[in-house]
Amino acid sequence: MQLAMDFTEAFPTSAKSNFDDLLSRVQSNSEHWSEHTSAAQRRRSGQVFTPIAMARQLAALYPMSGDSHRNLSDPGCGTGILSIAIAARLQERQDTSLNVVGFDTDTRLASDWLSAWDEFRDISNAPCRDSLFQCFLQHADDILSGTCLGKPRPSIITLNPPYKKLARNSNLWKLLNSKGVPVPNMYCAFTVLAGEWLADDGDLLAILPRSFASGVYFKSFRQWIRNAFSVEHVVLYRSRSCFGQCYTRECTRPTKKTPSNVASSYHSFRYTNR
Ligand SMILES: C[S@@+](CC[C@H](N)C(=O)[O-])C[C@H]1O[C@@H](n2cnc3c(N)ncnc32)[C@H](O)[C@@H]1O
């Protein structure tokens, strides 16, 4: 496991790429929707967009290999910044054909996702197919039975999951509990489903609040991570200066967190499926 202690040192300083303009446009789309979404709506959907620097940094944790085809998924994809950043990194290093599957319940974002991938195809040298679905959680049964969408399991899943409560008596809670993972909230449920869906030896690149790292409440989730994954990288964000305005806006949520500790309460990870 590598622990990147200093964001500035870990931050990739790659040369200007053909995908920079596309990524900037995707970030502008995120900012647009951030501005046009009320705080109440954001809380309901658990929506906080990842800034471009953080998406790039997460993508940089992905190890390159010789595979010339990848299945990539982005549950809770928003405008697509995480999967576009990973796809761009893959393309910058070698021509890689891609099947990308996104999920988001916010249908306002669908046309931004579709046009981002259209633009990606215009720039990329290799074939890329994208599809977009709505609720990721609706596929929980199929994920756990290994039949999700009738597609091969993704070799890369990237996640910045919604931060919301999960009712203890909900069908999803009961389903995951019956598999031995009584998840305490939505971000854990997304992570468990993503992990169960991932192909063997696949990679999960996730941005998670660090709340799960301690306390009895998250004990079974931590146990599940230990059993399912080998943790390859952990990046701890310690300073608000790491974040663009998307995360700064998060501070306006009426939580008990103060602006000075919000940014430091996130980790991003690369896990490899055992
Ligand atoms: C924290 S945001 C991250 C968005 C995007 N991945 C990014 O990094 O900018 C989580 C996203 O999950 C979406 N979402 C919430 N519940 C969902 C569900 N049940 N299925 C799929 N997406 C969902 C929200 O609409 C929101 O866009």
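Readers should treat all values here as calculations from the given coordinates under stated rules, not as data from a laboratory. This one's a predicted model, so the numbers in the text were calculated from it and none came from an experiment. Neighbour counts are summed over all protein chains in view; Cβ atoms, including those assigned to glycine, are modelled from backbone coordinates with ideal geometry.
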Any chance Asn160 is of a type in the set (S, T, N, Q) and within 18 Å of the chain's Cα centre (by Cα):
yes
Can you pull out every residue in the range 175-230 that is in contact (Cβ under 8 Å) with a residue 12 or more places away in the chain, under 22 Å from Thr147 (Cβ atoms) and of a type in the set (Gly, Ala, Ser)?
Gly180, Ala189, Ala194, Gly195, Ala199, Gly202, Ala228
Can you name every residue in the range 145-183 that is closer than 23 Å to Lys219 by Cβ and either more than 16 Å from the ligand (Cβ to nearest atom) or hydroxyl-bearing (Ser, Thr, Tyr) (or both)?
Tyr163, Arg168, Asn169, Ser170, Lys174, Asn177, Ser178, Lys179, Gly180, Val181, Pro182
Pull up the range 72-110, narrow it to residues that are buried (at least 20 other Cβ atoms within 10 Å of the Cβ) and more than 16 Å from the ligand (Cβ to nearest atom), then point me to the one that is nearest to Ala199 (Cα to Cα).
Leu98
Among the residues of the range 37-52 satisfying the criterion of being without any contact (Cβ under 8 Å) to a residue 24 or more places away in the chain and away from the ligand (no atom under 11 Å from the Cβ), which is farthest from Ile84 (Cα to Cα)?
Ala40
